[in-house]
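Below is one structure, written out as structure tokens; the observations come after it.
Derivation of every value follows stated rules applied to the coordinates shown; laboratory data play no part. This structure is a prediction, so every number in the text was calculated from the model and none was measured. Virtual Cβ from ideal backbone geometry, glycine too; neighbours counted across all protein chains shown.
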Amino acid sequence: MITNLAKSVQAFTSNVYLVTGDRTVVVDPGANFDVTGAIRSRVDDLDAVVLTHTHPDHVGNLDAVKDAFDVDAWGYDASIEGVDHAIGDEEVVRLGDDEYVALHTPGHKDDHLCFYAADAGVLFAGDLVFQNGSFGRTDLEEGDRATLIESIDRLLERIDENLGEMHTGHGPSVTRDPYDHVELSAQMARQV
């Protein structure tokens, strides 16, 4: 089961996904709210924290979650403070009950990962793409529009047209034709 713990939070934060099952993980612990309390209200323990990328709005709560649950954090670049273990491009990770392939998708930030479970039809898109054709900012440090477009194209080549759910770093999850939203993001990123 996937729950967005930041859904009703008014602070500046990313979405925070609690994925329960065989391996209970948090995808991006967010920032500026009591995420440990939100986690504890739903589960007793965590197996890991998995990061789409390390912008402050996605990892501000990282130390608090690691301390509260005595877990390690996994992300693309283990040389970044707070990231304990590297997840390589194309590496398979278990989130909840499903196997996800990690896709290195820079352009918004160099260490950006998307996680895609083909069998479950689920995508964690981080800040690469959002609903209605929106896409990640490229005006921040490490942002690059051409690289972002390449990453969106790579994602489109990997995901299935029958994708069931896309969970984004900000805004609502997309459960109605999410593939079309990714296609639109690819088009919109080229027009700006």
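Using the C-alpha atoms of the range 129-192, what convex hull volume per residue, in cubic angstrom, is computed? Intermediate results must be reported in sequence, preceding the final value.
On the way: hull volume 5.1 nm³, N = 64.
In the range 129-192, the Cα hull volume divided by residue count equals 79 Å³.
Dipole magnitude for the range 2-191: about 660 debye, using +1 per Lys or Arg Cβ and -1 per Asp or Glu Cβ, origin at the Cα centre. Counting only alpha carbon atoms, the long axis of helix 178-191 and the longest principal axis of the chain meet at about 60°. Considering every alpha-carbon pair of the range 71-184, the percent of pairs per 5 Å bin, from zero through the bin containing the longest distance, is 2, 13, 22, 25, 21, 12, 4, 0. Potential lengthening of the chain between residue 158 and residue 79 amounts to 25.7 nm, from the contour at 0.36 nm per residue minus the alpha-carbon distance. With a cut-off of 12 Å between beta carbons, the residues surrounding residue 187 carry a summed charge of -2, where Lys and Arg count +1 and Asp and Glu -1.
Can you pull the percent of Cα pairs in the chain with separation above 27 Å? Write down the numbers at each step before the final one.
Details: 3599 of 18336 pairs.
Tail of P(r) above 27 Å: 20 percent of Cα pairs.
The residues 138, 54, 175, when put in order of fewest to most other Cβ atoms within 10 Å, stand as 175, 138, 54.
Out of all DSSP beta bridges with both ends in the chain, state the antiparallel percent to the nearest 5.
65
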